[in-house]
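Engineer: This is the structure, below, for whatever I ask next.
The values are calculated or read from the model by the stated rules, or taken from the named source; none is laboratory data. Keep in mind that this is a model prediction, so the values were computed, not measured. Cβ placement follows ideal geometry from the backbone for every residue including glycine, while neighbour counts extend to all protein chains displayed. With ligands, DNA and RNA removed, areas are computed over all heavy atoms of the protein, side chains included. Shrake-Rupley method; radii C 1.70, N 1.55, O 1.52, S 1.80 Å.
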Amino acid sequence: MGNSFLPVVEKLKDVYKIWQEILPHIPKSQRQTIGAKINELLLDALESTFLASYTSISKRLDFITSAIIKIDLAKFFLLVGWENKILDDKKYIKLSEKLVEASKMLVGWKGYLEKKTSAN
């Protein structure tokens, strides 16, 4: 029996899986600082997106907005990590592309909900 989640939740699960493959290879001092921060942001974004799929429409926008902000912060800290050579080009690009895709999905969902609520 498989779980079926929204595509954006699946996308963020994939991002987190990739991150978990990268994290052990980051030097310990950076893993405990910027690595931990990125990890926290990715988990928070995943949690907010998951909660948005189960909450009432009136609260859904807040969770989606929170997830978008967390993803943007994660992208920022990934950029900082890449600029400081904590992440190589290939890993940075792989994570960033998937986060951009998830962000676009969330922004689209947010726009749909905003149109839907303003029409009512």
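Engineer: Full-extension gain between Leu51 and Ala36, please, as 0.36 nm times their residue separation minus the C-alpha to C-alpha distance. Mind showing how you got there, number by number?
Structural biologist: On the way: separation 15, 0.36 × 15 = 5.40 nm, distance 2.22 nm.
Result for the pair: 3.2 nm of gain on full extension.
Engineer: Before rounding to the nearest 500, sum -39500 (n - 2.57) across all DSSP H runs of length at least 4 in the chain and divide by the residue total; then give [θ] at 222 nm in deg cm²/dmol. The partial results should precede the final answer.
Structural biologist: On the way: 4 runs with 91 residues, N = 120.
Calculated from helices alone, the mean residue ellipticity at 222 nm is -26500 deg cm²/dmol.
Engineer: Still on this structure, I have one more. Could you calculate the FRET efficiency of Ser118 with Lys17 from 1/(1 + (r/R0)^6), where r is the beta carbon distance between them and R0 is 41 Å, rounded to 0.05? Before the final figure, lay out the partial values.
Structural biologist: On the way: r = 36 Å, r/R0 = 0.89.
According to the calculation, E is roughly 0.65.
Engineer: Further question: With a 1.4 Å probe and all protein chains kept in place, how much accessible area does Ser58 have, in Å² rounded to the nearest 10?
Structural biologist: So the heavy atoms of Ser58 present about 100 Å² to solvent.
Engineer: Let me ask something else. Let me check I've understood the local charge: for Ser48, count other residues with C-beta under 13 angstrom from its C-beta, Lys and Arg +1, Asp and Glu -1. What total comes out? Each step should come with its number before you reach the end.
Structural biologist: Working: positive: Lys59, Arg60, Lys70, Lys110; negative: Glu40, Asp44, Glu47, Asp62, Asp72.
Every neighbour counted, the sum reads -1.
Engineer: What dipole magnitude, in Debye to the nearest 20, does the chain give about its Cα centre under +1 on Lys/Arg Cβ and -1 on Asp/Glu Cβ?
Structural biologist: The dipole magnitude comes to about 60 debye.
Engineer: Lys90: which aspartates and glutamates have alpha carbons under 15 Å from its alpha carbon, excluding same-chain residues fewer than 8 sequence positions away?
Structural biologist: Within reach: Glu21.
Engineer: Could you give each residue of the stretch 50-60 its phi-based ³J(HN,Hα) in whole Hz, using Karplus coefficients 6.51, -1.76, 1.60 with θ = phi - 60°, and x for Gly or Pro?
Structural biologist: In residue order, the calculated couplings are 4, 5, 4, 6, 10, 9, 5, 4, 5, 9, 4 Hz.
Engineer: Here is a further query. Go through Ser53, Ile69, Ile26 and say which Cα lies farthest out towards the positive end of the charge dipole of the stretch 12-86; charges sit on Cβ, +1 for Lys and Arg, -1 for Asp and Glu.
Structural biologist: Ile26
Engineer: Each residue of the stretch 92-98 in order: what ³J(HN,Hα) in whole Hz does its phi give by Karplus 6.51 cos²θ - 1.76 cosθ + 1.60, θ = phi - 60°, with x for Gly and Pro?
Structural biologist: 4, 5, 4, 5, 4, 4, 5
Engineer: Can you give the extra length, in nm with one decimal, that the chain gains between Asp72 and Glu97 once fully stretched, where that is 0.36 nm per residue apart less the Cα-Cα distance?
Structural biologist: 7.8 nm
Engineer: Could you go through the stretch 63-78 in sequence order and give the Karplus-derived ³J(HN,Hα) for each residue, using 6.51 cos²θ - 1.76 cosθ + 1.60 with θ = phi - 60°, rounded to whole Hz, and x for Gly and Pro?
Structural biologist: 5, 5, 4, 4, 4, 4, 4, 5, 5, 4, 5, 4, 4, 4, 5, 5
Engineer: Using the C-alpha gyration tensor of the chain, what are the square roots of 5 times its eigenvalues, in whole angstrom, with the largest one first? Mind dumping the intermediate values first?
Structural biologist: Values: eigenvalues 163, 41, 28 Å².
Semi-axes, largest first: 29, 14, 12 Å.
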